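For reference, the structure is listed below as structure tokens.
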Amino acid sequence: MNEELSLVEQCKKGSATAQEKLYAQFSRQMYTICLRYTKSQQEAEDVLQEGFIKIFDKIDQFKADATIGAWIKRIIINTALNSQRSKLYMFPMKDVEETDDVEEEGLVLSNFGLQELLDMIRSLPEGCQVIFNLYAIEGFSHKEISEQLSISVGTSKSQYARAKQLLKDMINKEERRSYERAK
Amino acid sequence: MSERSSFENQWQEEFEGAEMTPAPEVWSNIRAEVASAQANKKSKQVVYWRWLTAASVVLFMTAGAATFYYYDSMSNEFEQLVQKEEELKENIALLEDELDQSTNNQSAENSVVQSADEPASNTAHMAGVVDSNNDQKDESLTIPLERYTDYSDSNLNDQNQQVINNDQRDLANASNRSGQSANQGMVESTGNKIQGTAQNGIATTALNEKPESQEKLVSKSIGNRDAEDSGLIIQSQKEVIIAQKEVTSTSNANDRSINIDAEALTTNDMQVGKQDDQAMATATLNDEPEDNKSLRPNSSGERNVAVSDEDFSIERLELIQAGDLAVLPDPITPQKVPDYLEIIKMQNGGDDNLKGMWAGLSLGGGSYNSNIGQGSSASSIESLSISGVQESVTNVAQVNQSTVETPAFSFTLGADFGKQIGKRTFLQGGLEYNRYGSQANSNVSVADASNSSQSFFRVNNSASLDDATLTVTSPYTVSNNFQYVSIPMKMGYQVIDRKVGLSVSSGVATNLFIKNTVSDKSGDRADVEITNSNDSPFKPVNFNALLAMELSYRWNEQYQLSLVPDYRISMDGITKTDAFFQSNPTAFFLGFRFKYILR
């Protein structure tokens, strides 16, 4: 923690070495987040680049009220949301009837690799992808998501339900494929 | 759907701590962009400081030029006054010279000796002047004119003419035994043409008075004159009337003067003309009349020496108009020339006690920077929370997107008064109401026991912290407003004091804290007010350092409008030492002031 704070102080002074160290420490984790919110590697790298530029630009505003990792993650997520906001506008989300929970027994995600899970998420429609990330992985509530994306709570819930259904279908499909391959 | 299931938890666990390596070019691009941004920032700062420096130079040059022009104009006025005074003095000196001259001329004119009852005595006894070997300048060429009496008979014209002719002859035959023509003065004889060559000499005549005969010998004192001015010929062609003259002389071996008190002296056709160098002396030196004082030196050293007409040749004659000698002008009393300070005082006028006093109203708007710094716990606007929420701070901080305070609109309204204490210095005080504002964004709020949602920045002091719940919300804007009563005291210097004026001032303001209001701009959350109390983190009294400039326009003698930019910086901070955050705010205002100048 003290090392992180010291690194931050160096970055505030504009030290290139400190900036590189900070990037090296958090870039991989943040890149994964960017991959979850975007459709391609290129897009994810653009979001990562833009995010870290913002981080170094506003590093002097960082206060020791939170960890530097949390602060960086928040900026990266906001950057990713901003990059997707235009797409969300272009494809306005509509309320989807909330469906009943699908049978979840037997769904084991540990059978899948990280890249496969990423591919599943990135194959979701843009709106569903964003809401799924915010709700399922980041842990925001539907109310918070609705306020952040300027949508209704119902839209957030319906879109998440759709994402969940789609993911389950993908998982089941993939499991069946694996079973048949194993045969 | 409102509750998380194992599905969501699995996904969260799978991606927790997941890492993938981005392309190396990403960092290169980031590095280049950051370096470029830093360079731009520095160049902007340099440009900013250059503009500020240029503006300061221009301002000071303008102020300096205006001050120089002001002082130059004042010094010119002073020089003009001094010059006037000198001119007046010169005029006075000239007039005094003329007065002396006219006095001397009058005495010369009064030296006509004529008796109404006696024939012209053919006399213009001329006393010798100076011995040839005598270099004393004070020794005089005396011309004891034999006698004169009142002439009241209008038939004296013929007699006078005869006297004049005789005198002329006598003067022509007079010789100067001194031989010091260069040092000889002028001999004058009223009624006679006299020509003399005198340059620097002093010719004085001694007055002999013989009370028993009621005849007075008039002698005349003639002052030093230059050669060109030494000649004086008075020729009367008509009757010379001397009403009453009493000539007295003070005998002084070194300084002889004649006081002539002529009540009336009128001459008809008295002319004094410029003569050639050739002698026209008509001085007559006759034998000493019996009733005249001896020309031989007396015990006091005076002696009358016969003078030749050449001694009295005059190169230039002055024209004396009739009546010039009739009335002596009153001595000229030079008017008092007010000195520099007096002129200023007269121009200012008015009661000195009220000099340079004014009262005014001011209104201004500006920006306020709270400059919240590190405290004992969380800083930034979040740290306004009560310290009891420590446990939740960490959790909240992970999702808290609150931003640092930024300046919001602030204003000041007040009454001012001032008094000039020196030529260009003044004292200024007042009473102001100040409202300072700042704002920030937050996405966290606190609901107290009553379940009314309040902003995270402040929980009601009476709320139970244990019952408070923290929730992450969508971002909202928080306004933070401070209200003070301020008592500023400043000392200033008037750089330019014309119709358009410029002054600079600095001082200290005492700020009395009224209250602090934290409010949600959207209105979804209740306002929180902090007043003076033991629990308040704000000091009841704090101090600001002030720096101001005033650009004024004098509407007329009584009203003045001003533009006042001023900068305020907290000297001791606005928070108590045991507060969990520190704030040393600064503020910049641009105000307007309306002044009423007391007279």
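List of remarks:
- Total formal charge among the other residues, if their Cβ is under 13 angstrom from that of residue B:473, Lys/Arg +1 and Asp/Glu -1: -2
- Shielding of peptide A:48-61 by partners, expressed as the average count of other chain Cβ atoms within 10 Å per residue Cβ, is 4.
- Under Karplus coefficients 6.51, -1.76 and 1.60, residue-wise ³J(HN,Hα) of the stretch B:517-529 in Hz, glycine/proline x: 10, 10, 9, 8, 5, 6, x, 6, 10, 6, 6, 10, 10
- Binning the alpha carbon pair distances of chain A at 10 angstrom intervals from zero yields the distribution 9, 32, 30, 20, 8, 1, 0, expressed in whole percent.
- A cut-off under 13 angstrom between Cβ atoms defines the neighbours of residue A:177, and their net charge, with Lys, Arg +1 and Asp, Glu -1, is -1.
- Taking a ≥ b ≥ c as the square roots of the eigenvalues of the Cα gyration tensor, the stretch A:1-67 is prolate, since a/c reaches 1.5 or more and a/b is larger than b/c.
- Between A:42, A:84, A:159, the GNM of chain A built on Cα springs shorter than 10 angstrom shows A:42 fluctuating the most.
- Average beta carbon contacts from partner chains per residue of A:14-25, 10 Å cutoff: 2
- Interchain or long-range residues, amide H under 5 Å from residue B:559's placed H: B:597
- Neighbour net charge for residue B:12 - beta-carbon separation under 9 angstrom, K R +1, D E -1: -4
- Residue of A:67, A:38, A:155 that the Gaussian network model of chain A assigns the largest fluctuation, springs spanning Cα pairs under 10 Å: A:67
- Counting, for every residue in B:503-515, the Cβ atoms of other protein chains within 10 Å of its Cβ and taking the mean gives 0.
- Virtual spin-label span in nm between residue A:114 and residue B:44, 7 Å along Cα→Cβ: 3.7
Laboratory data are not the source of any read-out in this text; all were calculated from the coordinates shown. Keep in mind the model is a prediction, meaning the values are calculated, not measured. Don't worry about glycine lacking a Cβ; one is built from the backbone with ideal geometry, like all the others, and counts go over all protein chains shown.
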